[in-house]
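Okay, structure first, notes after.
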Amino acid sequence: MDTTRETFLDVGTFILMILSALAVDLILHRSGHLELGRYLGYVGTGLLVLSFLYSARKRKWIKSGRAPFFLRFHETLSWLGAMLILVHGGIHFNALLPWLAMASMLVAVASGLTGKYLLKKSKGIIKGKEETLLKQGLTKEELKDHLYWDALVVDVMKRWRVVHIPITITFALLTLLHVATVLIFWRW
């Protein structure tokens, strides 16, 4: 797939998530079911937690199933969960902590989409160079020498998780703080 098209799809996916949340929030407001937004936050959080089955599969804590399936599962549940959490938060500004949690969630989603794009692009570049060099008649050993630095870039791109994971952890901690403060200050 063309990288311009992939970029457009990833940005479109992000924008669609936000627009979907706004549309659902508007429907809830107009139908008089605003209170359902609170429960969508619980469902969205549950979906995000389920999406981490991908991490468990990748670390081989789950041995069955194909990794690409778990990656798709992670991407889909993360998108849907984030969209439901956006509906939960709505466009209301009641407190700083929930907004910080929501902002860190959006950064985590954007980080995931960025990492996906960068890794796919760098792998595509190497594959193209490899095909060109093979057509020129290079041996496998010569090919390794020519592609060493490119392969190193892909390896670095695989390590973008060094950024993505702390962002996700920040989101999780802010979410836990949000839930704790709601429970503490709830009018029982």
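The values are calculated or read from the model by the stated rules, or taken from the named source; none is laboratory data. As the structure is a prediction and not an experimental result, all values here were calculated from the model. FYI the Cβ positions are ideal-geometry reconstructions off the backbone, even for glycines, and counts take in every protein chain you see.
What is the number of the single condition among (1) closer than 26 Å to PRO98 by Cα; (2) out of contact with any Gly (no Cβ under 9 Å at 6 or more places or on another chain); (3) not aliphatic (A, V, I, L, M) that ARG66 does not meet?
Checking ARG66 against (1) closer than 26 Å to PRO98 by Cα; (2) out of contact with any Gly (no Cβ under 9 Å at 6 or more places or on another chain); (3) not aliphatic (A, V, I, L, M), the one that fails is (1).
Considering only residues that are in contact with a Lys or Arg (Cβ under 7 Å, 6 or more places away or on another chain) and of a type outside the set (A, V, I, L, M), look in the stretch 22-79 and name the one that is surrounded by the fewest Cβ atoms within 10 Å (Cβ to Cβ).
Result: GLY65.
Does ALA101 fit the bill of being crowded, with 20+ Cβ neighbours inside 10 Å, assigned by TED's automatic domain parsing to the domain that holds VAL179 and aliphatic (A, V, I, L, M)?
Spelling it out, ALA101 is indeed crowded, with 20+ Cβ neighbours inside 10 Å, assigned by TED's automatic domain parsing to the domain that holds VAL179 and aliphatic (A, V, I, L, M).
Condition check ((1) touching a helix residue (DSSP H, G or I) at 6+ places or on another chain (Cβ under 7 Å); (2) farther than 18 Å from LEU36 by Cα; (3) in contact (Cβ under 8 Å) with a residue 60 or more places away in the chain) across all residues:
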residue	(1), (2), (3)
LEU77	yes, yes, no
LEU80	yes, no, no
LEU84	yes, no, yes
GLY89	yes, no, no
PRO98	yes, no, yes
VAL109	yes, yes, yes
LEU113	yes, yes, yes
LEU119	yes, yes, no
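From the list VAL87, VAL109, which one is β-branched (Val, Ile, Thr), under 16 Å from ALA21 (Cα atoms), within 13 Å of the chain's Cα centre (by Cα) and surrounded by 14 or more Cβ atoms within 10 Å (Cβ to Cβ)?
VAL109
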